[in-house]
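First the structure, which I've put down as structure tokens, then a few questions once you've had a look.
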Amino acid sequence: MKFERSKNATRNVFWGLLDKIVIILAQLLIKAILLRVLGEEYLGLNSLFTSILSVLSLAELGISSALVFHMYRAIVDEDKLKICALLHFYRRCYYTIAAVILIAGLAVMPFLPVLVRDEMPGGLNIYVLYGFNLASTVISYSLFAYKGCLMEAHQRSDLSNKVFVAVDTLQYIVQIVMLLAFRNYYLYSVVPPAIFLLRNLLIAFVANKYYPDYRPQGKLNKGVRKAIFGKVKALFVYKVGNVCSTSVDGIVVSAFLGLQVLGIFTNYQYIITMLFSFLLMYYNAIQAGLGNSIVTETVERNFGNFKKLLLMQGWICGFCAACLLCLFQDFMSLWMGESSLLSMGLVVCFAVYFYAFKIQDAVTVFKDAAGMWEADRWRPLLSAACNLTLNILLVQFIGLYGILLSTIACCLFIDLPWAAHVLFKNYFKRNAGVYYARLAVYTLVNIAVAAATFGVCALLPTAAELWQRVLWFLLKIVICAVLPNLLFVLVYHRTAEFKSLWQTGKNALSSLLGKGRKPASAPAASEGQPPAPQGEDGADGKEG
């Protein structure tokens, strides 16, 4: 089956980016309305429910990635029987997930008052509100949600992202109306379950339209089921740590510092999370292409791709960290007001937290595309346990600094070296020294670029009037958009990775505009190509 990687990745990035823009703008507006109409405690309450349900959603971790991984080879081989059998298996898994989340969510309900240090704002019933949020999560995994894997495995997540853009826009419009017209948090909370229901129905409609030959039927043979369950178990352990590291922070802050502090903290954390989601959107767009490349291309060729990805990741992380240092406080002041500002020291910690967390993604996306979860399964769990322990200990002495510093320490001293060792030992079959050397160079360059950008922005005068503050903020945005990227070009323009990325970017733009030559399709698996990943047995076509 032909795989137009560049064209597909470009479409995926475009529609994923559009969806993220809709979400970011709407969330910024909704948070500001919540603060002014209802208060900071409601922002904290929102964050608490999100953190709890993110942990409950651990039941899903491993299923979707493992199933999509096993579809790569079946798609290349055009094995419809196996794809249908995988889809059938996927449906059963997702229905089971929905049931597990529902049961676990109900079991958590008696302990909700323990997680809220303060009184519930406005005399709200915490159980009713939690029920709305739990319903949203359960619905998101039920009905036809499993059909999304077809678009992801075919590297056509742009199709599902078009649905997301439409339904997300509808959700936020309705929620804003509920807040402004009725000032009722219950009406605001009942909207997401209905939207998730609509989204799943639309995903099913799109999947049936583009992939009408694939129906959930047939039974996987024992070899494939065993391989899938092996990867699911490993990936479950692998991703539990990642979710816990980010989700338990809000729970710890609520339990020890209260909903008001959590509301302010999560305003900053929301911006970081949005940056994370932008980068995740890009990696989701290219991961299917990398998985196809790992199946059909040589290790040496993929190592060249890894070096290009590492340069790009270093550039992106350095640029984002510089923007956070220079723009965070001004933006928060304009968005939420002076009373909702944290200290500049915490802003520096947020920037370092972002950099330490995301600079590893070049390694992570290759490991995930190669399905290397077994070899790496204990690393995130150990990191999460250390992070949670440090969170609980340090938050009692240094408050929010303890939450951020514990995550930074675990990223730098556990996650980064362990993950690199796994990838280089098991896939690239070479010493990871070249990775550490390049990472050190990129980090030093990023520190210098961030310091230079912050120094230039600091030369601007402090403004008192609102129009002056907006003007200086816009000027800082221009400085941050131009100066770091100009410095990066000056530093990297002679490298082979930069030249290759430049050409790739030109080709992707031509593909998006429809002016370039049609990208060559991915070669089919043939003699001399790397063997298929383990567990790629066929389906027997029997009804399950």
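The values are calculated or read from the model by the stated rules, or taken from the named source; none is laboratory data. Nothing here was measured: the structure is a model prediction, and the numbers come from that model. Counting neighbours? That spans all protein chains shown, and the Cβs are built from the backbone with ideal geometry, glycine included.
Please verify whether PRO531 is loosely packed, with under 14 Cβ neighbours inside 10 Å, at pLDDT 75 or above and outside any helix (DSSP H, G or I), treating the condition exactly as stated.
no
Here's another thing I want to ask about it. Grab the helices (runs of 4 or more DSSP H) fully contained in region 330-423, keeping just those with 3 or more residues being more than 30 Å from TYR42 (Cβ to Cβ).
Output list reads 361-369, 378-398, 416-423.
Could I ask something else about it? Looking at (1) crowded, with 18+ Cβ neighbours inside 10 Å; (2) touching a helix residue (DSSP H, G or I) at 6+ places or on another chain (Cβ under 7 Å); (3) at pLDDT below 75, which one does MET120 not meet, given that it meets all the others?
(1)
Would you pick out the residues in region 231-285 that are at pLDDT below 75, more than 16 Å from SER51 (Cα to Cα) and of a type in the set (A, V, I, L, M, F, W, C)?
VAL232, ALA234, LEU235, PHE236, VAL237, MET281, ALA285
Would it be correct to say that ALA369 is of a type in the set (Gly, Ala, Ser) and buried (at least 19 other Cβ atoms within 10 Å of the Cβ)?
Yes, satisfied.
Name the residue that is farthest from GLU374 (Cα to Cα), counting only residues in region 417-438 that are crowded, with 16+ Cβ neighbours inside 10 Å and hydroxyl-bearing (Ser, Thr, Tyr).
Residue satisfying both the conditions and the ranking: TYR435.
If we keep just the residues of region 385-416 that are in contact with a Phe, Trp or Tyr (Cβ under 8 Å, 6 or more places away or on another chain) and within 30 Å of ASN302 (Cα to Cα), which is surrounded by the fewest Cβ atoms within 10 Å (Cβ to Cβ)?
Top of the filtered list is ILE408.
Which pairs turn up if I take residues in region 406-417 that are in contact (Cβ under 8 Å) with a residue 24 or more places away in the chain and on the phi < 0 side of the Ramachandran plot and look for partners that are charged (D, E, K, R) and buried (at least 19 other Cβ atoms within 10 Å of the Cβ) with beta carbon separation below 9 Å, at least 6 apart in sequence or on another chain?
Hits for this filter: THR407/ASP249; ILE414/ARG379; ASP415/ARG379.
Follow-up question, since we're still on this one. Mind counting the residues in region 303-340 that are over 25 Å from LEU460 (Cα atoms) and among the hydroxyl-bearing types (Ser, Thr, Tyr)?
Number satisfying all stated conditions: 0.
Within region 215-230, restricting attention to residues that are under 17 Å from LEU150 (Cβ atoms) and buried (at least 19 other Cβ atoms within 10 Å of the Cβ), which residue is modelled with the lowest pLDDT?
ILE228
To continue, here is another question. Of the conditions (1) farther than 22 Å from GLU300 by Cα; (2) buried (at least 22 other Cβ atoms within 10 Å of the Cβ); (3) not polar (S, T, N, Q), VAL363 fails just one. Which one is it?
Tallying (1) farther than 22 Å from GLU300 by Cα; (2) buried (at least 22 other Cβ atoms within 10 Å of the Cβ); (3) not polar (S, T, N, Q), VAL363 fails exactly one: (1).
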